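Presented below is the structure to which this report refers.
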Amino acid sequence: MKIVVLAGGRSPERNVSLSSGAMITSALREKGHQAVLIDLFLGDALSDVQNVDDVFDRKPAPQPKQISDAILTDADIDALRTDGTKGLFGPNVIKICQAADIVFLGLHGEDGENGKVQAVLDTFSIRYTGSDTLASGMAMDKQISKEIMLFNHIKTARFVMAYQADTQRPDFDFGYPVVVKPTQGGSSIGMSFAHNDDELDAALKEAFRFDSEVLIEEFISGREFSMGVVNGVAMPAIEIKVNDGWYDFEHKFQDNKTTFVTPPADFSEAAHDEMKQIALKTFKVLKMKNYGRIDFFANDEGIYVIEVNSLPGMTPLSLLPQEAAAAGISYADLVEEIVQSKVALYEQEEA
């Protein structure tokens, strides 16, 4: 198949996305597909090809990139485009995607996962991997996803909302410490902990750098896990053990910062099965399709969903590929399964 791997974009997680995209492209080529990596934001001038179909014959495949620790601002990203144009989609992106059999969305963060890109692709009848516009938007918005989970009796931390326009911090009855995070976004960007009012004010200021709506969330202690869902099957859980500090942006994407254990040690089969059922239920109530990842905390009170990822990372240190490997699924086979299962979903809908 001719496959566009769409990555980059203008999210603070741009560098992570480019690393995912490079690995996905290489894996798809290993599987015999004509795959090409296209930067959503920068686009492609097509200056080296006679027609758009020639894009898929470009060689060699891009190699995985080292992920920078830098968290990119809007100004940093805007400076990358030098042709004076604006907007999320760079030159010729839609044209190239229309020439593909399917688009593999290797995007991460707000504008990659919140449904905007999916809505545009739907408008042009372009097939793509992952969930549709509605599910992507619900999964990305932590307030909406948590409210849906609570309505469906899925345990998640209690929370209150804070808004940048507010003149005073909101009241909450669950006490310190609390977790403060932007409503949209991922990779723990803009997230911090607060143990008192002064720390909360500083945490809110940091989170408001990335979003005008912020969650103040009850702190849940316990063991941290993640579990992918691919084509209706829950992968083996992976336990995340941070060597120092907490599982922030640096620990997620720099080697030797975190220990991953899959399957988790000293975790009962019953608890593992319960986590799988919660993952599948969460996937269902948020109307997600194809693949995704659910993050958890587990303690003596039960299993809590932290958040949902509709386009989980596919970098060398990302969780979903490690979980798949524990199930005996190679990286290339995982990527192939994601593509083929989404193609099958499209064919079912069109039948």
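The values are calculated or read from the model by the stated rules, or taken from the named source; none is laboratory data. Note that the coordinates shown come from a computational prediction; the quantities given were computed from them, not determined experimentally. Backbone-built Cβ (ideal geometry, glycine too); neighbour counts: all protein chains shown. Just so you know, the surface numbers come from the protein's heavy atoms only, side chains and all, with ligands and any DNA or RNA stripped out. Shrake-Rupley method; radii C 1.70, N 1.55, O 1.52, S 1.80 Å.
Whenever you get a sec, compute what percent of the accessible area on the chain sits on carbon and sulfur atoms (1.4 Å probe). Walk me through the numbers on the way to the answer.
Working: 7500 of 15370 Å².
Carbon plus sulfur share of accessible area: 49 percent.
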The local net charge around residue 234, scoring Lys/Arg +1 and Asp/Glu -1 for residues other than residue 234 whose Cβ lies under 13 Å from its Cβ, equals +1
Sorting 99, 40, 343 by the position of each Cα along the dipole of the chain (Lys, Arg +1; Asp, Glu -1; all at Cβ), the one nearest the positive end of that ordering is 99
To the nearest 20 debye, the chain has a Cα-centred charge dipole, built from +1 on Lys and Arg Cβ and -1 on Asp and Glu Cβ, of 800
A correct Karplus calculation of ³J(HN,Hα) over region 214-220, with 6.51 cos²θ - 1.76 cosθ + 1.60, θ = phi - 60°, whole Hz and x for Gly and Pro, returns 9, 8, 9, 10, 4, 7, 10
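Within 14 Å, Cβ to Cβ, of residue 173, how many net charges do the neighbouring residues add up to if Lys/Arg are +1 and Asp/Glu are -1? Walk me through the intermediate numbers first.
Working: positive: 158, 169; negative: 171, 217, 218.
Net local charge, residue 173 excluded: -1.
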Probe 1.4 Å, all chains present, heavy atoms only: residue 195 accessible area in Å², nearest 10, is 110
The lysines whose Cα lies under 17 Å from the Cα of residue 155, excluding any fewer than 8 residues away in the same chain, are 142, 146, 276, 281, 284
Magnitude of the Cβ-charge dipole (Lys and Arg +1, Asp and Glu -1) of region 2-128 about the Cα centre, nearest 20 debye, reported as 280
Taking a probe of 1.4 Å and leaving out DNA, RNA and ligands, the chain shows per residue an accessible area in Å² of 44
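Would you calculate a helix-derived [θ] at 222 nm for the chain, using -39,500 (n - 2.57) for each DSSP H run of n ≥ 4 and dividing by the full residue count, to the nearest 500? Walk me through the numbers on the way to the answer.
Working: 12 runs with 119 residues, N = 351.
It lands at -10000 deg cm²/dmol.
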Read-out mean projected area of the Cα convex hull in nm², candidates [x] 17.1; [y] 22.8; [z] 18.3; calculated match is [z]
Expected field for residue 76, accessible surface area in Å² at 1.4 Å probe radius, rounded to 10, holds 70
Across 109, 222, 87, the residue with the highest GNM fluctuation in the chain (Cα network, 10 Å cutoff) is 87
Net charge (Lys, Arg +1; Asp, Glu -1) of residues whose beta-carbon lies under 12 Å from that of residue 103, residue 103 excluded, is +1
Largest fluctuation, 167, 85, 282 only, Gaussian network model of the chain with Cα springs under 10 angstrom, belongs to 167
